[in-house]
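Heads up, the thing below is written out as structure tokens.
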């Protein structure tokens, strides 16, 4: 039941994996009335949750504004040319401006009428009957593999689970993956290989606060997760914050290293950049504490792996490793020790540009903080900057090897962790969206896993498809014809997209757009006309975070409740309802249930996950609600149905306040690996890796490195944040950062229009001179589409193990633009603010 106006509802921010606690208070008001609130847009206030401790960033404070976006999609939309007879809307029916996004669709993929046909409103029955009919026809003619599904890391656990179940039991296609492949795949591959379990942070985020040293590689927390900065206060005060980033980012400045241009005592309020400070910008308590000098290492882009190998070389050469821990808790050390012998500091300096003295300083700093040397604790953390690479899994593995050598993982107050990005990037990869997984983080090619999940679903295990293609390969395979226009049987000809804006977020975006246009059917579930929705044949309006119930799993593995505060506008529906309706129309038997109550779906998810690495079987919406209401410590997976042995460092077993039976409930697992790792013998695997370098390195026709990233005010493809006026005013257009030395050298003044050209395409934006970036490197954020979409030039080369694309480094040429580019009409159709020709109403 929805809250009444004025009654706060406790929930969480819809953006990143920090999942900051907030309260949403529904308010009434009439649009257009002076001073009146917008219906459906609740008031946001931060609350004291362990990850954010009362802080919110600018995105969090303004998050509710998106619910009232002026171009919110509230009715199903279908290409007019796909409608016939009674399904056809009247001549006065409204449609999307910019629907000419099909005007340059390749010949042979659709008839002429369809290419120029507008999106028009229809009833749910018409839209769903059309989608089901098209899917059934395509599968009948070309096989179930001809239908593909692409999910998102922002979907609730319930939606992610239902989507994976639908793909494998109703569509019976192996071709399902999600945009988390762009986010956490390399960290997941590395952690699974070394630890036997992938949970981004195997410890509560608050544990970082007691650390003497934190090595942060490839993460700009101060802009991507500002409230998390307060948890670095202890390391900063001890002079133990080490940031590895080619740019002197806001986070690198927190290290306060004068040699890197930082400022001792820099605080999180300095990274807000606009509007308010301290807690208002998300820094939270303690963020402004005085800091000693840390270290900022600025390696050549793509050489982070060499830096890690060099750090481990120093640790071993100087006798700083925890040999007792290595003997007791790891395997593979000898091979790793031999491999890093070749990476002495002077060699690392020639490859990465990191001075030998700085490398030795950091290795000794980390070792001094390690418990074996009497330190209070150290952490090694990785983010997308080092993971989105063709050697991303190897880089994560090297980071884990360093942490293991120092005896950090599996000790309270120390460890290795990967900082999950998307809101449900953790839970989204645990329950079936990933091409090779089943619920509970089970492998889809494991016979026992297939049998268990099939029994929960009530299907024959042999009917379940095997592993599918990872995201980049899946996108490349789309369409009835290959990229050269040659008919290619066996390729997916229909795609269902949930919670992802591929046109902006995928690498080599121009190629992805071509593949999407070559489909026979593209169906997009979205709440605003994103660039991908504007290419679709059918757009289905869905509910958003404050309009629905469900669960999310934070970067710590903490399972939390999302709660509805307001009613969804118009005819927007939950994906759970859409999936159930499509399943019914596609002939799913009654024994194959697709419930629409999120609590019921979660109970089924819990049963399907039982016994898996990500075991949720001891959880329910009711238990999560009770734990929060009682002020409990939170529940971190795995949470089996009943408690067995619980480490002394864990929370003691508890019984439910509403359950008088003596059976102990498992308290959850805030800290993994205290007794053993998730491998068969309980030991962590150390794996030898070597540095190769980026797939697209600099050369005469592309002599500069391009690195990409986020800005404080925007999120992912910008589909949400570009619709928030307060954020859009602060950073309204894309830009390219370049060093003044580079600007002088190539003749690009500050503020000029600059063009970046790679082997895949070109983009244009405004030049910003700054000494925060290396003279051989340019930086561009990735939140924009059209001529400023940096993913038009990024490479879609992938890590051979994880399938993660190399977003974070490629080679480009940089030149000044004499005449500003003008988008052609088709590009306008992919513009940021596609609108309705007339307001659609229900």
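The values are calculated or read from the model by the stated rules, or taken from the named source; none is laboratory data. The structure displayed is predicted, hence computed values, not measured ones. Cβ atoms come from the backbone with ideal geometry, glycine included; neighbour counts cover every protein chain shown.
Which of the residues belonging to the stretch 796-814 are in a strand (DSSP E or B) and closer than 22 Å to residue 192 by Cα? Spell out how you get there, then give the answer.
If we filter the stretch 796-814 for residues that are in a strand (DSSP E or B), which is where we start, we get 798, 805, 810-814.
Of everything in the stretch 796-814, those that are in a strand (DSSP E or B) and closer than 22 Å to residue 192 by Cα turn out to be 798, 805.
So which helices (runs of 4 or more DSSP H) are wholly in the stretch 93-200 and hold at least 1 residues that are closer than 30 Å to residue 382 by Cβ and modelled with pLDDT of 95 or more?
By residue number, 157-169, 185-195.
Of the residues that make up the stretch 710-719, is at least one under 20 Å from residue 774 (Cα atoms) and at pLDDT below 95? Step through it out loud before you land on a result.
So in the stretch 710-719, the residues under 20 Å from residue 774 (Cα atoms) come out as 710-711.
This time we only want the ones that are at pLDDT below 95, so: 710-711.
Taking every residue of the stretch 710-719 in turn, at least one turns out to be under 20 Å from residue 774 (Cα atoms) and at pLDDT below 95.
Name every residue in the stretch 399-430 that is closer than 19 Å to residue 470 by Cα and in a helix (DSSP H, G or I), in order of residue number.
427, 428, 429
Only one of these is modelled with pLDDT of 95 or more, in contact with a helix residue (DSSP H, G or I) (Cβ under 6 Å, 6 or more places away or on another chain), closer than 14 Å to residue 181 by Cβ and surrounded by 17 or more Cβ atoms within 10 Å (Cβ to Cβ): 464, 475. Name it.
Result: 475 is the single residue among 464, 475 that is modelled with pLDDT of 95 or more, in contact with a helix residue (DSSP H, G or I) (Cβ under 6 Å, 6 or more places away or on another chain), closer than 14 Å to residue 181 by Cβ and surrounded by 17 or more Cβ atoms within 10 Å (Cβ to Cβ).
Please identify the pairs in which a residue from the stretch 659-681 that is surrounded by 15 or more Cβ atoms within 10 Å (Cβ to Cβ) has its Cβ atom under 7 Å from the Cβ atom of a residue that is assigned to a strand (DSSP E or B) and modelled with pLDDT under 80, counting only partners at least 6 apart or on another chain.
665/654; 667/654
Among the residues of the stretch 749-769, how many are surrounded by 15 or more Cβ atoms within 10 Å (Cβ to Cβ) and in contact with a helix residue (DSSP H, G or I) (Cβ under 8 Å, 6 or more places away or on another chain)?
9
Determine whether the stretch 505-514 contains at least one residue that is in contact (Cβ under 8 Å) with a residue 60 or more places away in the chain and touching a strand residue (DSSP E or B) at 6+ places or on another chain (Cβ under 7 Å).
Within the stretch 505-514, one or more residues are in contact (Cβ under 8 Å) with a residue 60 or more places away in the chain and touching a strand residue (DSSP E or B) at 6+ places or on another chain (Cβ under 7 Å).
Going residue by residue through the stretch 748-755, is there one that turns out to be at positive phi, in contact (Cβ under 8 Å) with a residue 12 or more places away in the chain and in the same structural domain as residue 808 (by TED's automatic domain parsing)? Don't jump to the end; show me each part of the working.
First pass over the stretch 748-755, keeping only residues at positive phi: 751.
Now drop any that are not in contact (Cβ under 8 Å) with a residue 12 or more places away in the chain, which leaves 751.
Now restrict to residues that are in the same structural domain as residue 808 (by TED's automatic domain parsing): 751.
Looking through the stretch 748-755, at least one residue is at positive phi, in contact (Cβ under 8 Å) with a residue 12 or more places away in the chain and in the same structural domain as residue 808 (by TED's automatic domain parsing).
Got at least one residue in the stretch 780-795 being in a strand (DSSP E or B) and either closer than 12 Å to residue 736 by Cα or in the same structural domain as residue 193 (by TED's automatic domain parsing) (or both)? Write out each step before concluding.
Going through the stretch 780-795, the residues in a strand (DSSP E or B) turn out to be 780-781.
Now drop any that are not either closer than 12 Å to residue 736 by Cα or in the same structural domain as residue 193 (by TED's automatic domain parsing) (or both), which leaves 780-781.
For the stretch 780-795, residues in a strand (DSSP E or B) and either closer than 12 Å to residue 736 by Cα or in the same structural domain as residue 193 (by TED's automatic domain parsing) (or both): present.
Can you find even one residue in the stretch 559-568 that is over 28 Å from residue 617 (Cβ atoms) and not in a loop (DSSP other than H, G, I, E, B)?
Within the stretch 559-568, none of the residues are over 28 Å from residue 617 (Cβ atoms) and not in a loop (DSSP other than H, G, I, E, B).
Looking at (1) within 23 Å of the chain's Cα centre (by Cα); (2) part of a loop (DSSP other than H, G, I, E, B); (3) over 29 Å from residue 808 (Cβ atoms), which one does residue 468 not meet, given that it meets all the others?
Among (1) within 23 Å of the chain's Cα centre (by Cα); (2) part of a loop (DSSP other than H, G, I, E, B); (3) over 29 Å from residue 808 (Cβ atoms), residue 468 violates only (3).
Can you tell me which residue among 790, 773 is buried (at least 23 other Cβ atoms within 10 Å of the Cβ) and either under 25 Å from residue 514 (Cβ atoms) or at pLDDT below 95 (or both)?
On the way: 773 fails: either under 25 Å from residue 514 (Cβ atoms) or at pLDDT below 95 (or both).
Just a single option satisfies the conditions, and that option is 790.
Looking only at residues that are touching a residue at least 12 places away in the same chain (Cβ under 8 Å) and surrounded by fewer than 16 Cβ atoms within 10 Å (Cβ to Cβ) in the stretch 694-713, which one is farthest from residue 813 (Cα to Cα)? Write out each step before concluding.
Looking only at the stretch 694-713, we keep the residues that are touching a residue at least 12 places away in the same chain (Cβ under 8 Å), and these are 694-699, 701-713.
Filter once more, so that each one left must be surrounded by fewer than 16 Cβ atoms within 10 Å (Cβ to Cβ): 697, 699, 701, 703.
Values: 697: 12, 699: 9, 701: 6, 703: 6 Å.
Once the filter is applied, the top-ranked residue is 697.
Here are 570, 612, 550, 587: which of them is crowded, with 19+ Cβ neighbours inside 10 Å and on the phi > 0 side of the Ramachandran plot? Give the steps one after another, and end with the answer.
On the way: 570 fails: crowded, with 19+ Cβ neighbours inside 10 Å; 612 fails: on the phi > 0 side of the Ramachandran plot; 587 fails: crowded, with 19+ Cβ neighbours inside 10 Å.
550 is the lone residue from the list that is crowded, with 19+ Cβ neighbours inside 10 Å and on the phi > 0 side of the Ramachandran plot.
When you look at residue 541, is it assigned to a strand (DSSP E or B), out of contact with any helix residue (DSSP H, G or I) (no Cβ under 9 Å at 6 or more places or on another chain) and buried (at least 23 other Cβ atoms within 10 Å of the Cβ), yes or no? Reasoning before the result, please.
Working: assigned to a strand (DSSP E or B): yes; out of contact with any helix residue (DSSP H, G or I) (no Cβ under 9 Å at 6 or more places or on another chain): yes; buried (at least 23 other Cβ atoms within 10 Å of the Cβ): yes.
Here the answer is yes, as residue 541 does meet what is asked.
Take the residues in the stretch 71-86 that are modelled with pLDDT under 95 and part of a loop (DSSP other than H, G, I, E, B); name whichever of them is nearest to residue 556 (Cα to Cα).
Going through the qualifying residues, I end up with 83.
Residue pairs, Cβ under 6 Å, 6 or more apart or interchain, first in the stretch 723-745 and in contact (Cβ under 8 Å) with a residue 60 or more places away in the chain, second in a helix (DSSP H, G or I) and surrounded by 14 or more Cβ atoms within 10 Å (Cβ to Cβ). List them.
723/66; 724/65; 727/721
What helices (runs of 4 or more DSSP H) completely inside the stretch 293-398 contain at least 3 residues that are free of Cβ contacts under 8 Å to residues at least 12 places away in the same chain, in the same structural domain as residue 507 (by TED's automatic domain parsing) and closer than 21 Å to residue 247 by Cα?
Numbers: elements: 304-317, 323-329, 333-340, 345-352, 356-369, 384-387.
So the answer is none; nothing clears 3.
May I ask you to verify whether residue 404 is more than 18 Å from the chain's Cα centre (by Cα), free of Cβ contacts under 8 Å to residues at least 40 places away in the same chain and crowded, with 24+ Cβ neighbours inside 10 Å? Don't jump to the end; show me each part of the working.
Details: more than 18 Å from the chain's Cα centre (by Cα): yes; free of Cβ contacts under 8 Å to residues at least 40 places away in the same chain: no; crowded, with 24+ Cβ neighbours inside 10 Å: yes.
In short, no.
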